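The values are calculated or read from the model by the stated rules, or taken from the named source; none is laboratory data. The shown structure was predicted, so the numbers you read here are calculated from the model rather than taken from an experiment. We place every Cβ from the backbone using ideal geometry, glycine too, and count neighbours over all the protein chains shown. Side chains are part of the model used for accessible areas, which takes the heavy atoms of the whole protein and leaves out ligands, DNA and RNA. Shrake-Rupley method; radii C 1.70, N 1.55, O 1.52, S 1.80 Å.
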Amino acid sequence: MKADILVLTPTLGSRKSLEKTIASVKSVGAERVKHIIITPQKEVNNLKTKFPELEVLAEPDNLKGIYPALNYGFNKYGRDYKYLTFINDDDYWLPDFKKLFNELDIDKALDFVYGKICFIDENETIIKQQASSDQFYSFLSLFCSHIVLFTQQATLLRSELFFQIGGFSEDFKLVSDSKLWIDLSLLKPRFKYISTVCAAYMIQESQLSSNKLLQVQEEIKLLEMYQQINFWRRISDKIIFRLTNVVLYLQRL
């Protein structure tokens, strides 16, 4: 089978967890996936030696940050693949990620599929399962209530839509993926939600996303870019989301 899914992993090359990331994508994706590592030039030879089966792409020296690196990789290779996604070098796919593949095969008109993730610590101990729902068209409304419907670890997006949106905004360090999902949701694509944990998301104190102040500042700036959502719409969407996940909340307790 010719690979029809492109997976990018941006990395500085130093994390031991990268090995598990690569192994998980290979195990789950097999021949269907083309996995490319993006790294600074100084790490290219080292990673090529360590992972000879993978293509390692050197990011240009003038790129600063994960989103410019991803844009570079997707712009270089993405149009050759039907679907795109990316996964960080400390996260990994779980076996049920295959269910996302299956949905694309069942309904070939789908533009976007997403599932749930579990949050883990640096020892790979599960912290909690992510709350989610099939309210993709309400992504912006829920985001206004500080609810992030899903994260990129368990997503597959039709490449044409990625380029139609214009890729990731490079004006943000933390929330460019949320902006992409908001812009995508406003296009009303055909999507499918899988209520299954498909990937693991590692939480580390050292990672950029642990900068809560910057997170809040960027979320405020992001929301200012969109038309305000009606108050009652926000309340309604939030209630539906909470009710959808009530069993999960009780399990957490």
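Could you tell me whether region 217-237 includes any residue that is of a type outside the set (A, V, I, L, M, F, W, C) and closer than 18 Å to Ile117 by Cβ? Working first, answer last.
So in region 217-237, the residues of a type outside the set (A, V, I, L, M, F, W, C) come out as 217-219, 221, 224, 226-228, 230, 233-234, 236-237.
Then keep just the ones that are closer than 18 Å to Ile117 by Cβ; that gives none.
Checked against the condition, which is being of a type outside the set (A, V, I, L, M, F, W, C) and closer than 18 Å to Ile117 by Cβ, region 217-237 yields no hits at all.
Restricting attention to region 48-75, report how many residues are part of a helix (DSSP H, G or I) and in contact (Cβ under 8 Å) with a residue 40 or more places away in the chain.
Of region 48-75, the ones part of a helix (DSSP H, G or I) are 48-50, 66-75.
Still in the running and in contact (Cβ under 8 Å) with a residue 40 or more places away in the chain: 66-71, 73-75.
Final tally of qualifying residues: 9.
Just to be sure I understand the filter: pairs with C-beta atoms under 9 Å, separated by 6 or more residues or on different chains, first member in region 116-132 and touching a residue at least 60 places away in the same chain (Cβ under 8 Å), second member acidic (Asp, Glu) and crowded, with 17+ Cβ neighbours inside 10 Å. Which pairs pass?
Ile117/Asp91; Ile120/Asp91; Glu122/Asp90
For Asn45, state whether it is of a type in the set (S, T, N, Q), part of a helix (DSSP H, G or I) and surrounded by fewer than 17 Cβ atoms within 10 Å (Cβ to Cβ). First the steps, then the outcome.
Details: of a type in the set (S, T, N, Q): yes; part of a helix (DSSP H, G or I): yes; surrounded by fewer than 17 Cβ atoms within 10 Å (Cβ to Cβ): yes.
Yes.
Tell me, which strands (runs of 3 or more DSSP E) lie completely within region 106-192 with 2 or more residues that are surrounded by 15 or more Cβ atoms within 10 Å (Cβ to Cβ) and not charged (D, E, K, R)? If you could, list the steps in order and put the result at the bottom.
Details: elements: 112-120, 126-129, 155-158.
Output list reads 112-120, 155-158.
For region 173-196, enumerate the residues that are among the small types (Gly, Ala, Ser) and under 28 Å from Leu214 (Cα atoms).
Step one: list which residues in region 173-196 are among the small types (Gly, Ala, Ser), which gives 176, 178, 185, 195.
Scanning region 173-196 gives Ser176, Ser178, Ser185.
Can you say whether Tyr83 is open to solvent by less than 10 Å² (accessible area, probe 1.4 Å), closer than 20 Å to Ser195 by Cα and either more than 19 Å from the chain's Cα centre (by Cα) or at pLDDT 95 or above (or both), as far as the supplied structure shows?
no
Looking at (1) out of contact with any Ser or Thr (no Cβ under 9 Å at 6 or more places or on another chain); (2) part of a helix (DSSP H, G or I); (3) under 27 Å from Ala23 (Cα atoms); (4) not basic (Lys, Arg), which one does Gly78 not meet, given that it meets all the others?
(1)
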